[in-house]
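Structure first, commentary second.
The values are calculated or read from the model by the stated rules, or taken from the named source; none is laboratory data. Just so you know, these numbers come straight off a predicted model, no measurement behind them. FYI the Cβ positions are ideal-geometry reconstructions off the backbone, even for glycines, and counts take in every protein chain you see. SASA here: full protein model, heavy atoms, side chains in, ligands and nucleic acids out. Shrake-Rupley method; radii C 1.70, N 1.55, O 1.52, S 1.80 Å.
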Amino acid sequence: MPFTRAAALRLGAGAAFAFAARPASAQALTPLRLAAAADDDITPILYGQSSGIFKSAGLDVQLQALGSGSATAAAVAAGAIDIGKSSLTALISAHARGIPFEIIAPASMYTDAWPVAGFIVGRDSLITGPRDLNGKTVSASSLKDLISLATQAWIDQGGGDSKTVHFIEIPASAVGAALAQKRIDGATVITPGLAEAIDSGAARLIGRSFSAIAKHFMIAGWFTTSDYIAKHGDIVHRFVGAFRRAAAYTDSHRTETVALLAGYSHIAPETIRRMARSTAGTVVDPKDIQPVIDAALKYKIIDKPFPAHELIATLPAGT
């Protein structure tokens, strides 16, 4: 959904809740509305809810499942949601258009040693690498998202020419069927879709396309508006502190969180156990964001460069 700065500010001013920050020990919990796609990287939120970590911070966290980062961005801009999760490319693009979103916590990190994404082709495909994709058709959830960005970079770094490749939009959930029907020749897929496609026997992995952006970077982040932070800094402070505690647990207790994620996302527990689980991390670091900004500039998602720190919220002391 396209936004302008004026539209985002107008929507936010018209619909945002003004929550009062209250100590958890004395008064009722403060409602906090979150939105995100039902992917593995919401596990810290689910654990924070079930374990009481958010309640101990005085927060009644209400999580709404939305299907895309653009839908989440629209909800946050309109004030219908307080804090959302989105891929970095959507936040980078919004920042370039003057929309006042700021990242307050990491949602998922990519590391080459623990890859949660990769490029797949059909089980019987003759494609073995980037060079074989010249003139072929590949898919992405959006034509200017992180998946398409990584795929372009991987093709070019591997000796192919991404300018000859035809990109079409297909939801991640439909990639397996599109491969089987020969409507596409391949796609970059993120877990759990990656694990599900490979486990089904319909696809095989031929490359770690996300590694073409960097060996380590932030995939997605939790964000809100500058206005919300200014008005509700204490709530943001409490959310980030509680999120860090929850993420520290879920990043180191994969087995214990299988049932939690399966129950919410309806992903098969067996798939969750086998797949590379998302790592949230606890700190928003500019060096984990800048490689994505640089790639977005190279592939014309944005027109001008900017330093990563402009995307990162300045939070209250002690956060």
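Structure values in brief
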{"item": "For the range 183-319, accessible area per residue (1.4 Å probe, heavy atoms of protein chains only), Å²", "result": "43"}
{"item": "The chain: proportion of alpha-carbon pairs further apart than 26 angstrom, %", "result": "46"}
{"item": "Efficiency of FRET from Cβ geometry, D199 and N134, R₀ 25 Å, rounded to 0.05", "result": "0.25"}
{"item": "Computed lengthening from A113 to K215, 0.36 nm per intervening residue step minus Cα-Cα distance", "result": "35.9 nm"}
{"item": "Separation of the L297 and I168 label points, Cα + 7 Å toward Cβ, nm", "result": "3.4"}
{"item": "Estimated inter-spin distance, D124 and A180, nm [label 7 Å along Cα→Cβ]", "result": "1.4"}
{"item": "Positive minus negative residues near S209 (Lys, Arg vs Asp, Glu; Cβ under 12 Å)", "result": "-1"}
{"item": "Lysine pairs meeting the criterion (Cα under 24 Å, 8 or more apart or interchain), as found in the range 207-304", "result": "7"}
{"item": "Spatial separation of Cα centroids for the range 107-141 and the range 195-270, in angstrom", "result": "20"}
{"item": "Gain in span if fully extended, R97 to A259, counting 0.36 nm per residue against the direct Cα distance", "result": "54.3 nm"}
{"item": "Portion, in percent, of the accessible area of the chain that falls on carbon or sulfur, probe 1.4 Å", "result": "55"}
